Amino acid sequence: MQDTSELNQSHKPLLIAGPCLIDNLQTSMQIAEEVKRISQKYGLDPIFKGSYKKANRTSITSFSTIGETNALSILKEVHEKTGMNVITDVHETIDIPVVSKYVTHLQIPAFLSRQTELILACARSGKPTLIKKGQFLSPEACRFLADKFRSVSGQDPMLCERGVSFGYNDLIVDATCIPRMKTASNCRIIMDCTHSLQKPNRSNGTSGGNPELIGTLAKFAFATGADGLFIEVHPQPHESPSDSESILELEKLESVIAESMKIWNALK
């Protein structure tokens with residue numbers, strides 16, 4: 001599968017958006033078409049995101065996948081029908097040869113951001129890769145994530161800020177984090193506006209969230225130098241099989257992008 005955008009040459013901000021977990025083709029296409037429309041209208045480079053499986057759920061009873069091959073096939077169909085780049089997360093090195101056949105981009109989850117062999121395998125795949133900064137890492141420690149990726153000639157790693165652990169059930173976002181990450185790593189920095197607002201490790205085995213503040217984080221991200229936004233969206237968030245309390249309602253995405261792009265355009 002060929003990458004459909006020249007990211008190294010693009011001066012547009014990235015919009016990485018889609019459902020938390022791939023649930024069906026109809027919903028995925030609805031989301032992808034809206035993400036593409038909004039991106040074209042406001043001048044962003046879109047990437048459709050969706051997890052083909054969740055390997056780090058809190059509870060053993062949490063839903064993890066509709067079927068790995070089925071979910072990957074949906075990601076590939078979204079790419080073929082819309083022309084958009086598509087990204088999904090990988091959890092082990094053995095995932096990468098299979099997953100790479102279906103998507104244009106790979107993502108390393110935050111809890112796995114220090115897994116050296118996983119980073120090296122993503123780099124060797126030749127796929128552009130988004131590495132989410134662990135909630136336990138400092139901005140300056142992100143340098144070592146990028147160094148690992150580049151050590152085997154990996155090109156253009158992207159890093160994603162998604163908050164820092166604060167006690168057991170909350171995260172905080174440091175206003176200095178994005179410029180510090182960029183200085184330390186010399187990478188493009190993406191702001192995860194969804195998971196930075198999570199309420200993790202709740203006693204009921206699920207994660208909560210504050211999706212009403214996603215627009216605030218999107219504006220903050222561009223104001224502090226982010227190169228793109230990561231936002232999970234769904235037409236009916238309560239029907240999402242994963243992170244239903246964190247996801248932005250799809251119809252609200254355009255207003256979030258319209259407001260945040262005012263800051264991007266003013267600064268650029």
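Taking amide H atoms as placed 1.01 Å from N in the peptide plane, list the residues 5 or more away in sequence, or in a different chain, whose amide H sits under 5 Å from that of Leu14.
Result for Leu14 returns Asp45, Gly228, Leu229.
Summing -39500 (n - 2.57) over the DSSP H runs of n ≥ 4 in the chain and dividing by its residue number, what mean residue ellipticity at 222 nm do you reach, to the nearest 500 deg cm²/dmol?
After summing the helix terms and dividing by residue count, I get -10000 deg cm²/dmol.
Per 10 Å bin from zero, what fraction in whole % of the C-alpha pairs of region 1-133 is there, up to the bin with the longest pair?
Per 10 Å bin, starting at 0, the Cα pair percentages come out as 13, 44, 35, 8, 0.
Estimate the FRET efficiency between His11 and Ala55 by the formula 1/(1 + (r/R0)^6), using the beta-carbon distance for r and 51 Å for R0, to the nearest 0.05.
Computed FRET efficiency for His11 and Ala55 comes out at 0.90.
Using only the alpha-carbon atoms of the chain as identical scatterers, what base-10 log of I(q)/I(0) does the Debye formula give at q = 0.07, 0.13, 0.17 Å⁻¹?
Rounded to two decimals, the profile gives -0.20, -0.78, -1.50.
Order these by the 10 Å Cβ neighbour count, fewest first: Leu197, Leu250.
Placing the least packed residue first, the sequence is Leu250, Leu197.
What are the ³J(HN,Hα) couplings of region 236-241, residue after residue, when phi is run through the Karplus curve with 6.51, -1.76, 1.60 and θ = phi - 60°? Round to Hz, x for glycine and proline.
Result, rounded to whole Hz: 9, x, 5, 8, 5, x.
How large is the dipole of region 155-268 about the Cα centre if only Lys and Arg carry +1 and Asp and Glu carry -1, each at its Cβ, rounded to the nearest 20 debye?
460
Going toward the positive end of the dipole of the chain, with +1 on Lys and Arg Cβ and -1 on Asp and Glu Cβ, which of Val99, Phe136, Pro109 do you reach last?
Highest projection toward the positive end goes to Phe136.
Could you pull out the GluC sites (Glu not before Pro) across region 85-153 that fall in loop regions by DSSP (anything but H, G, I, E, B) with no more than 15 other Cβ atoms inside 10 Å?
Those that pass, being in a loop and sparsely packed, are Glu92, Glu140.
A short reminder: the numbers here are calculations on the coordinates, not readings from a lab. Since the structure is predicted, the reported quantities are computational estimates derived from the model, not experimental observations. Please note: Cβ atoms are built from the backbone with ideal geometry, for glycine as well, and neighbour counts cover all protein chains shown.
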